[in-house]
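Remarks on the structure that follows.
The values are calculated or read from the model by the stated rules, or taken from the named source; none is laboratory data. The structure presented is a predicted model; accordingly, all values stated were derived computationally and were not measured. Heads up, the Cβs are rebuilt from the backbone with ideal geometry, glycines too, and the neighbour counts pull from every protein chain shown.
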């Protein structure tokens, strides 16, 4: 389907802190189009002297929410764009964006499942759009999320994930904390590895539809682990985010 | 030296990173398109290509053999795209 | 032209005024050393590493690592400029001048250009005149440490007066030619020569 990709000027209508260095920006778009969960928008900043910087951010919100999108942004040390979005941007500001973009790393309820979602750090963002879409559509497709974070205070959407899990049919959420664990934690406490994957995927059958998102090395470890467990490569979709490791 | 210490590998992204650029140029979404590597014959969605974006241009490499499939350079006036490393791209017809 | 959208409060990169005369047009200063690459870091164990000069020379020559590090070295403190707009001043390297390396071969009269060939398949080209008389070296130390793999180690070419894409990482050989052969970026829109002071970034065709 031909559709020109045009820049538009969005307005920041809300800013919500998620964790110590992660915020969600709600943007009202004059030319909003329904997106597919997993897609992203490009954000472009322009300085008065003509200098521009551009980055891509996954859409966090479900396509069922019309007229606006949520972008969840992690502030990176030395991040030229992320530090502007964190330090300078306020409600009422404008932001130049274009999208929605992407056709490979997308999931719609119509594709069915069982669904396996594997997130490393801020890689949870596009997978959250998939979970929110699944909930908005009232779907009950068997779904398991395995989410790796450094500590439990780094978990983005922590409360909402618990609410979704409790309210939904067929959704299970597994956290693993790689650095420190909360008192009394009895769940996974290490980086993702093949034995962990084997336990998590076991009830989903041999060919779950799989989406892995996070830093490059995390994605490769998870994808290689699933390949070793016999999940066909054609069932696995990946999106690499860049070097910060959970 | 193993993969964990290769910063160039850690900076690597995938074909999703050029989705916006390709859509800007061609007007259609291309990252779901099966792409055949001219070097080793592997076929995978363009989104699965390994993308090296920290460079004077973007270099997309086959995820199986790591040879160059496509290169993209953005200059002030133009976008150059070279795809000798791609034997083909398969674009589905849409009847809608 | 319609008014361009400007992001409130976004200032981008700044040029520091006290060294402005050392920063070519369109560049900004960085204190980091950004890592740029067209591919994964090539792996080359030192016991298999070689460096050659070949092409239009009377006899090609190849050094092993053990032989190469016996060659006389110098310390070079130079400013470097990347076409992606960052410049870094006073970078400190140790390596072998190309003048020293060329003493070991007899260049044909027809040898006017060279192409650098590198691990991973990268190439770049330049006139011979740009790499003699102290203008270029093969570096294997940066800041007194062995050159890190992501920055081109074990050894890279450094040609500081041209844009840094010409300072080929993981260099394995220099090929002398009679005609100019556009390399990896030169063949796809980048300028064949690459002088940052004349902002020779793109070829324009």
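Quick notes on this one:
- All of A:85, A:71, A:89 fail the test of being touching a strand residue (DSSP E or B) at 6+ places or on another chain (Cβ under 9 Å), part of a strand (DSSP E or B), surrounded by 15 or more Cβ atoms within 10 Å (Cβ to Cβ) and away from chain B (no Cβ under 13 Å), apart from A:71.
- Scope region C:31-82; condition more than 22 Å from residue C:135 (Cα to Cα), within 14 Å of chain B (Cβ to nearest Cβ) and either surrounded by 15 or more Cβ atoms within 10 Å (Cβ to Cβ) or in contact with a helix residue (DSSP H, G or I) (Cβ under 6 Å, 6 or more places away or on another chain) (or both); matching residues: C:35, C:36, C:37, C:38, C:39, C:40, C:41, C:42, C:44, C:46, C:49
- Tally of residues being part of a loop (DSSP other than H, G, I, E, B) and surrounded by fewer than 23 Cβ atoms within 10 Å (Cβ to Cβ) across region C:168-183: 6
- Selection over region B:18-31 of residues that are facing chain A (nearest Cβ under 7 Å) and either in a helix (DSSP H, G or I) or touching a residue at least 60 places away in the same chain (Cβ under 8 Å) (or both) gives a count of 5.
- Per the listing B:64, B:78, B:83, the residue uniquely farther than 29 Å from residue C:202 by Cβ and either over 11 Å from the mean Cα position of the chain (by Cα) or free of Cβ contacts under 8 Å to residues at least 40 places away in the same chain (or both) is B:64.
- Residue within region A:34-46 that is surrounded by fewer than 19 Cβ atoms within 10 Å (Cβ to Cβ), free of Cβ contacts under 8 Å to residues at least 24 places away in the same chain and assigned by TED's automatic domain parsing to the domain that holds residue A:90 present: no
- Condition met for residue A:207 (touching a helix residue (DSSP H, G or I) at 6+ places or on another chain (Cβ under 6 Å), more than 13 Å from chain B (Cβ to nearest Cβ) and more than 28 Å from residue B:52 (Cβ to Cβ)): yes
- A single member of B:70, B:12 is under 30 Å from residue C:46 (Cβ atoms), buried (at least 16 other Cβ atoms within 10 Å of the Cβ) and either in contact with a strand residue (DSSP E or B) (Cβ under 7 Å, 6 or more places away or on another chain) or in contact (Cβ under 8 Å) with a residue 12 or more places away in the chain (or both), and it is B:12.
- Looking at A:173, A:200, just one residue is touching a residue at least 12 places away in the same chain (Cβ under 8 Å) and in a strand (DSSP E or B), and that residue is A:173.
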